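Asker: Here you go, one structure.
The values are calculated or read from the model by the stated rules, or taken from the named source; none is laboratory data. Every value quoted in this text rests on a predicted model; they were computed, and no experiment measured them. Counting neighbours? That spans all protein chains shown, and the Cβs are built from the backbone with ideal geometry, glycine included.
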């Protein structure tokens, strides 16, 4: 089946591959997207084979296919397979990257105001343990990292710059490429959380100048839950030891010495879920077959329509920021709790989510954000579904007085 022609995706083909669209209008892709049929088959076929011949035997039988997942992810992000490590989720991938850094008293960690709470907690834990400090880079007018302010903050004590490319709400796309240019210029490691970017837009780690990049499979890549990956630049990999090692990442060379793997798989452990790894590989290949440029264009088209239409509804407040915006729309409706808005949309067969202030606490406090309704379209959504969401929001807003 051809999924894209002349840079434009075939909507009928991708919707035919997505059984879930016959049941729901799914606009919770920033949470977990609907898996296409080839991804589901990759997982279930593998599990069926495990039930028939055994887990170890199935892994041996699929050795080449399992190894090919590293190549697929490498093509997705513009890296080499040796720079890719697969993880059980994005949090583990990010933690493996962050906790491999050696911090000491006086070191500075610079991050963004819209940083995801889980990342910020890790910063604070390391600061508490080591005496390092955590500092938030100022935002430019309208939201997003102020790169001039970032460069002005730099000195020889800055040990790491770590930001989320697309925060969990707000629609913002941080200027990751410019941050990377500044970090590389000053020789400072740059860790980029790309959870909401992977599968939504093209990624090239060489252009981004990031030393470490982490992402999940379940969001815009449309892979199963419980999948993620880490990219680590070869030059940094060669001088980085994971915080934890096992017999997959290293080999005993004597009773008192060990040797790490030469590639990024040193960050992995021996036991893993091979069926979901097959699903991750199938999801990446599916996205590559469509083309990330075509996916980004389609997402932008749908999101623009949603923002324009929803933004004109009386009583609706869009809570998005930034000069460049992604396929994540955050809103509130006057007089209604966001949880109630979500409940009503769910009753209409429309999937959305609610993003609480605790998910981006620095940004939420600064902007005095309440819980927001998060609407996140993807390329397989139809114009009819977009119109359905707009009409549902209009109806909910219009009925709020009652």
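Asker: Kindly provide the set of residues from segment 345-364 that are under 16 Å from residue 167 (Cβ atoms) and either assigned by TED's automatic domain parsing to the domain that holds residue 171 or in a helix (DSSP H, G or I) (or both), ordered by number.
Answerer: First, pick out the residues of segment 345-364 that are under 16 Å from residue 167 (Cβ atoms): 353-364.
Hits for segment 345-364 are 357, 358, 359, 361, 362, 363, 364.
Asker: If you don't mind, another one. Go through (1) under 22 Å from the mean Cα position of the chain (by Cα); (2) farther than 29 Å from residue 278 by Cα for residue 156 and report which single condition fails.
Answerer: (1)
Asker: Are any of the residues in segment 32-47 touching a strand residue (DSSP E or B) at 6+ places or on another chain (Cβ under 6 Å) and farther than 30 Å from residue 266 by Cβ?
Answerer: Scanning segment 32-47 turns up at least one residue that is touching a strand residue (DSSP E or B) at 6+ places or on another chain (Cβ under 6 Å) and farther than 30 Å from residue 266 by Cβ.
Asker: Further question: In segment 298-319, what residues are under 28 Å from residue 224 (Cα atoms) and in contact (Cβ under 8 Å) with a residue 12 or more places away in the chain?
Answerer: 298, 299, 300, 302, 303, 306
Asker: Among the residues of segment 267-297, write down those that are touching a strand residue (DSSP E or B) at 6+ places or on another chain (Cβ under 9 Å), within 19 Å of residue 228 (Cβ to Cβ) and not in a helix (DSSP H, G or I).
Answerer: 268, 272
Asker: Checking residue 97 against (1) surrounded by fewer than 20 Cβ atoms within 10 Å (Cβ to Cβ); (2) within 22 Å of the chain's Cα centre (by Cα), which test does it fail?
Answerer: Only one criterion in (1) surrounded by fewer than 20 Cβ atoms within 10 Å (Cβ to Cβ); (2) within 22 Å of the chain's Cα centre (by Cα) is unmet by residue 97, namely (1).
Asker: Of all residues in segment 34-75 being outside any helix (DSSP H, G or I) and in contact with a helix residue (DSSP H, G or I) (Cβ under 9 Å, 6 or more places away or on another chain), which is nearest to residue 330 (Cα to Cα)?
Answerer: 34
Quick grid of which residues meet (1) part of a strand (DSSP E or B); (2) under 25 Å from the mean Cα position of the chain (by Cα); (3) under 14 Å from residue 395 (Cα atoms):
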site	(1), (2), (3)
306	no, yes, no
309	no, no, yes
320	no, yes, no
323	no, yes, no
330	yes, yes, no
343	no, no, yes
366	no, yes, no
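Asker: While we're here: Return the residues of segment 363-402 that are within 19 Å of residue 136 (Cβ to Cβ), surrounded by fewer than 17 Cβ atoms within 10 Å (Cβ to Cβ) and touching a strand residue (DSSP E or B) at 6+ places or on another chain (Cβ under 9 Å); say none if nothing qualifies.
Answerer: 366
Asker: Filter segment 197-235 for residues that are within 14 Å of residue 296 (Cβ to Cβ), surrounded by fewer than 23 Cβ atoms within 10 Å (Cβ to Cβ) and within 13 Å of the chain's Cα centre (by Cα) and give the result.
Answerer: 201, 202
Okay, residues lined up against (1) more than 18 Å from the chain's Cα centre (by Cα); (2) at pLDDT below 95; (3) under 24 Å from residue 147 (Cβ atoms):
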site: 60; (1), (2), (3): yes, no, no
site: 68; (1), (2), (3): yes, no, no
site: 82; (1), (2), (3): yes, no, no
site: 93; (1), (2), (3): no, no, no
site: 110; (1), (2), (3): yes, no, yes
site: 120; (1), (2), (3): no, no, yes
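Asker: Please verify whether residue 69 is under 26 Å from residue 265 (Cβ atoms), crowded, with 17+ Cβ neighbours inside 10 Å, touching a residue at least 12 places away in the same chain (Cβ under 8 Å) and touching a strand residue (DSSP E or B) at 6+ places or on another chain (Cβ under 9 Å), treating the condition exactly as stated.
Answerer: Numbers: under 26 Å from residue 265 (Cβ atoms): yes; crowded, with 17+ Cβ neighbours inside 10 Å: yes; touching a residue at least 12 places away in the same chain (Cβ under 8 Å): yes; touching a strand residue (DSSP E or B) at 6+ places or on another chain (Cβ under 9 Å): yes.
Judged against the criteria, residue 69 is a match.
Asker: Which condition number in (1) surrounded by fewer than 22 Cβ atoms within 10 Å (Cβ to Cβ); (2) out of contact with any helix residue (DSSP H, G or I) (no Cβ under 8 Å at 6 or more places or on another chain); (3) on the phi < 0 side of the Ramachandran plot is the one that residue 30 fails?
Answerer: Against the list (1) surrounded by fewer than 22 Cβ atoms within 10 Å (Cβ to Cβ); (2) out of contact with any helix residue (DSSP H, G or I) (no Cβ under 8 Å at 6 or more places or on another chain); (3) on the phi < 0 side of the Ramachandran plot, residue 30 comes up short only on (1).
Asker: Can residue 355 be described as surrounded by 15 or more Cβ atoms within 10 Å (Cβ to Cβ) and in contact (Cβ under 8 Å) with a residue 40 or more places away in the chain?
Answerer: Against the criterion (surrounded by 15 or more Cβ atoms within 10 Å (Cβ to Cβ) and in contact (Cβ under 8 Å) with a residue 40 or more places away in the chain), residue 355 qualifies.
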